[in-house]
Amino acid sequence: MLTTILAAGATPPENNFGLMNSLNEGGPVTWTVAVILTIFLFFTLYILFTKLFEQQKVINQGKRVGAQFWSANSLREGAAKLEKNSAYRQIVDDGLLAQEQHGRLTDPVEAHDWVHGSLARSEAAINSQLGGGLAFLATVGSTAPFIGLFGTVLGIYRALIKIGQAGQASIDKVAGPVGEALIMTAFGLVVAVPAVLAFNYLQRRNKAIAENLSAFSNDVLGYIASDGAVKPSIAARKAPVAPAKPATTVTK
């Protein structure tokens with residue numbers, strides 16, 4: 001009876017194998033690795049959400065081009081209907097500016113080549129802006145596992161030192177360093193996998209946006225080169241077809 005009472009009142013043993021204890025076990029080097037991986041994870045999520053917002057904004061602008069821009073009587077009138085500082089308006093403004101600048105050139109250059117080069121530079125600038133930050137995601141995806149592996153190697157090294165000092169591989173001597181090593185490995189993968197997935201997803205969306213911008217730029221070039229005679233056809237809404245009336249027969 002006394003043994004039962006003492007067992008019930010005994011305090012549970014302290015847990016010395018938690019996350020913080022494992023990091024403290026590793027010391028400054030392990031904490032440095034953990035902080036670096038945390039910074040990588042933060043900037044990965046930041047770039048992912050900011051780029052998704054920028055891409056969706058350009059995609060929405062492209063959906064409004066067909067309904068607003070090409071129904072205008074001129075490029076300037078159509079550009080006024082587009083959002084300021086938008087990707088599609090930048091292409092139109094650069095095309096109109098190149099058309100004006102061609103008349104002031106002293107060295108004869110074909111208008112088609114001059115305008116085409118200006119539109120290509122405008123596309124490249126937009127694509128470069130959309131691709132900003134993707135290099136960081138690729139770097140994180142390729143280096144984060146190795147940074148975590150560095151912490152793993154240090155944890156295993158400390159476990160071997162404790163085994164050598166104790167003379168035997170008891171679980172209480174190696175549990176801390178080995179646990180720290182496994183945490184660093186897992187942390188590196190947790191940072192690397194989202195970075196790789198985000199890079200591939202954003203890259204695919206940028207490719208689709210670049211194709212739409214290239215098609216729009218080609219249409220603008222055709223409009224300028226033909227002085228407005230060539231432009232994309234806008235699908236008109238079809239009026240509902242009235243049902244045919246049955247033919248009436250006239251009897252004599």
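The values are calculated or read from the model by the stated rules, or taken from the named source; none is laboratory data. Treat the numbers as computed from the prediction; the structure is a model and nothing was measured. Heads up, the Cβs are rebuilt from the backbone with ideal geometry, glycines too, and the neighbour counts pull from every protein chain shown.
The residue pairs whose first member lies in region 208-219 and is closer than 18 Å to L96 by Cβ, whose second member is of a type in the set (S, T, N, Q) and part of a helix (DSSP H, G or I), and whose beta carbons are closer than 8 Å, counting only pairs six or more residues apart or on different chains, are L213/N127; S217/S122. Looking only at residues in region 50-96 that are among the aliphatic types (A, V, I, L, M) and out of contact with any helix residue (DSSP H, G or I) (no Cβ under 7 Å at 6 or more places or on another chain), the one that is modelled with the lowest pLDDT is A67. Taken together, the criteria place V115 among residues that are in contact (Cβ under 8 Å) with a residue 40 or more places away in the chain, more than 30 Å from F199 (Cβ to Cβ) and more than 21 Å from the chain's Cα centre (by Cα). Which one is surrounded by the fewest Cβ atoms within 10 Å (Cβ to Cβ) among residues in region 45-85 that are closer than 16 Å to A215 by Cβ and touching a Pro at 6+ places or on another chain (Cβ under 9 Å)? Out of the qualifying residues, it is G66. Looking at region 99-112, can you tell me whether even one residue there is buried (at least 17 other Cβ atoms within 10 Å of the Cβ), among the hydroxyl-bearing types (S, T, Y) and over 30 Å from L182 (Cα atoms)? Among the residues of region 99-112, not one is buried (at least 17 other Cβ atoms within 10 Å of the Cβ), among the hydroxyl-bearing types (S, T, Y) and over 30 Å from L182 (Cα atoms), which makes the answer no. The residues in region 199-252 that are over 31 Å from the mean Cα position of the chain (by Cα), surrounded by 10 or more Cβ atoms within 10 Å (Cβ to Cβ), at negative phi and modelled with pLDDT of 75 or more can be counted, and the count is 7.
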